[in-house]
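S.K.: Take this structure, written in structure tokens, and hold onto it; I'll ask about it next.
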């Protein structure tokens, strides 16, 4: 299986950066649920908007996660909790 890649903007602390010509504050997030084989390093990402879904390429498809409205405190940092909401297959 292929290792997943996030459709979001990489890793790091919450920050203010240029995104599409605008300055956007990114929120760190944790991804809960989905395939148990999804590596822990793939389960922390940054999101620009809590209303957007996070789409992770994994195997022959995409795993989708949406914000549950919850937040988790880890290592002194607040992470938005995104829970697994489904999977779509890559069209062949």
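All of the numbers you see were taken from the coordinates with simple rules; none came from a lab. Computed from a prediction, not measured in an experiment: that's the story for all the values here. Cβ placement follows ideal geometry from the backbone for every residue including glycine, while neighbour counts extend to all protein chains displayed.
S.K.: Exposure proxy check: 30, 83 ranked by fewest other beta carbons within 10 Å?
M.R.: Numbers: 30 18, 83 15.
Listed from fewest to most nearby Cβ atoms, that is 83, 30.
S.K.: Next question, about the same structure. If neighbour count is taken as other Cβ atoms inside 10 Å, put 40, 77 in order from fewest to most.
M.R.: Working: 40 8, 77 11.
Arranged by neighbour count, lowest to highest, 40, 77 become 40, 77.
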